[in-house]
């Protein structure tokens, strides 16, 4: 018997007013699996990612994480979110706190860890993402790539079951993309369960177990990276790939 | 000039009363205002509603009317505070509405991503408010809060209407006893300036000190 999947998305629909951004989405993510979500802008991939930790509320359908349905806003939802790390396109580091304070805030406030212990673990995580020397700097003093690595460390500090990446490299200069992807590839290799919304096809090819291709609010294709990139099944995916891989 | 110099000890005493009245009321107003600003951005509808009603009612009533209503109204139903305590209660309740609106404006300057990141970590609403949003909100509204403080220094003059012996009360009193209103109130004005000007400088200094680097 295979263990139950970590994330189950069932028949999810999301409307923003008249806009129908997610249409009957079904998706499961197994433990230790990396699922990369790609697709054109406006296809709903970021919204899907944000629905998984309920930063956006679904209009209908059901999402469960580790067998628990996403609760309504409140303490139970906060507890669940503590187990789901989120990395944003715009980093969203706390501007008034140092890098180390950014990383220790969650463990101290939510996990009730002692300050010293949180500090020690935070420093280790910063070392792991290669910015231990920036521990006492403020976010604005770091480059984009360093900020995003700090944001990844902040999410990891909670010891999450699942990591969500919402276009983590889209706001970065080309030479900084690699340093962030390197960290993500390492996480994937360690068996972290990840849902990654990205335009980085190289990352999808090398780190994903499955690729979900979204268009118009639907998952139109779901396949292994080899199959998706080499033999896309749908015309829409073929068209998309021909446009982004042409150069 | 002589009137002021001759009564210098009385002026200094009255300056101290005005300063005390202002500082105590301001601290209470900050407490009330921050709480109410939290209410107004809270996910709980009744709290938002309560915050709005408080701000709209109190902010739009003249301070002098509030003072009279509080002192005479409450006396009528048997509740009595000293005039000094009454002045502090009304001044802080009134100023609290301006603090609340200023802090709320500050909250609105904090990028939504900051709260989203805090929620993603599993912080509850009050944790994210106090650990993430408010510290940044306050930093961006030091100057307007300073204006609220300076307005309060001057608004506290209305406490003189209920016999609190502040700078304005002294002015009225000395006018009655000396018949020299211009000299006397020039003296009062001078001591108000003595409180307000350094406050302005301190606020400017504080604002530069706590500015968030972006």
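Cβ separations smaller than 8 Å between residues 6+ apart or across chains give the following pairs from the stretch A:134-157 residues that are more than 15 Å from residue A:92 (Cβ to Cβ) and facing another protein chain (nearest Cβ under 8 Å) to residues that are surrounded by fewer than 23 Cβ atoms within 10 Å (Cβ to Cβ) and modelled with pLDDT of 95 or more: A:141/A:134.
Of all residues in the stretch A:56-73, exactly one satisfies the criterion of being within 12 Å of chain B (Cβ to nearest Cβ) and either buried (at least 19 other Cβ atoms within 10 Å of the Cβ) or out of contact with any helix residue (DSSP H, G or I) (no Cβ under 9 Å at 6 or more places or on another chain) (or both), namely A:72. Note on the stretch B:80-148: enclosed helices (runs of 4 or more DSSP H) holding 1 or more residues that are at the interface with another protein chain (Cβ under 9 Å from one of its Cβ atoms) and over 19 Å from residue B:209 (Cβ atoms) are B:112-120, B:125-128.
Would you mind stating whether residue B:167 is buried (at least 20 other Cβ atoms within 10 Å of the Cβ) and on the phi < 0 side of the Ramachandran plot? Here the answer is yes, as residue B:167 does meet what is asked.
For the stretch A:30-55, the tally of residues that are more than 14 Å from chain B (Cβ to nearest Cβ), surrounded by fewer than 23 Cβ atoms within 10 Å (Cβ to Cβ) and either without any contact (Cβ under 8 Å) to a residue 60 or more places away in the chain or at negative phi (or both) stands at 7. Across the stretch A:166-181, a minimum of one residue is classified as farther than 17 Å from residue A:130 by Cβ and under 12 Å from the mean Cα position of the chain (by Cα). Only a single item in (1) more than 8 Å from chain B (Cβ to nearest Cβ); (2) within 20 Å of residue A:165 (Cβ to Cβ) is not met by residue A:115, and it is number (2).
Exactly one residue out of B:72, B:98 is surrounded by fewer than 18 Cβ atoms within 10 Å (Cβ to Cβ), out of contact with any strand residue (DSSP E or B) (no Cβ under 7 Å at 6 or more places or on another chain) and farther than 30 Å from residue A:104 by Cα: that is B:72. Taking the stretch A:105-131 as the range and being within 13 Å of residue B:123 (Cβ to Cβ) and more than 19 Å from the chain's Cα centre (by Cα) as the test, the residues that pass are A:105, A:107, A:108, A:109, A:110, A:111, A:112.
The values are calculated or read from the model by the stated rules, or taken from the named source; none is laboratory data. Only a predicted model underlies this, so the values are computations on that prediction, with no experimental measurement involved. Cβ atoms come from the backbone with ideal geometry, glycine included; neighbour counts cover every protein chain shown.
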